[in-house]
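Here's the structure we're looking at; comments come further down.
What follows draws every value from the coordinates through simple rules; no lab data is involved. None of these values were measured; they are calculated from a predicted model. Note that each Cβ is placed from the backbone with ideal geometry, even for glycine, and that neighbours are counted across all protein chains shown.
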Amino acid sequence: MQAAMDITARYCSKEMEAYGSCVASNPSTWQHKCLELKMKVAQCTSSHPVIQKIRQDCSKEFVEFEHCLRENQDKPTSCSPHVARFLGCAETVDLTGVDTNPVPQPS
């Protein structure tokens, strides 16, 4: 989960900051008031070219990490090596030709 958050924070920071501010400003009603911003975060993470490329190139490492989490639900820290392998893979993905700063599509 932290790996996904790290990547999301890196490539969808504007959306994450807006969502986080909304949640902080609406402690008792954030689930309703911040839904649109939450959807924008989800849209960014699913459509950002860099994240798509990482998902494609590092799918094996991510699947192994997810499998570890399922097998070790009571001790997720035992999956730290899997997270490290996934993040290591993500860092080595060749982003040549990938638009790292795409223009957001209107909602």
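General observations
- Three-way shape label, the stretch 22-83, alpha-carbon gyration tensor, a/c 1.5: oblate
- Local net charge near Val83, Cβ-Cβ under 12 Å (Lys/Arg +1, Asp/Glu -1): -3
- The count of lysine pairs in the stretch 13-107 whose Cα atoms are under 24 Å apart, excluding pairs fewer than 8 places apart on the same chain, comes to 7.
- Taking a ≥ b ≥ c as the square roots of the eigenvalues of the Cα gyration tensor, an a/c ratio of 1.5 or more together with a/b no larger than b/c marks the chain as oblate.
- The Val93 and Glu36 beta-carbon pair, evaluated with R₀ = 41 Å, returns a calculated FRET efficiency of approximately 0.85.
- Relative contact order (percent, whole number), the chain, Cα cutoff 8 Å, 6+ residue spacing: 26
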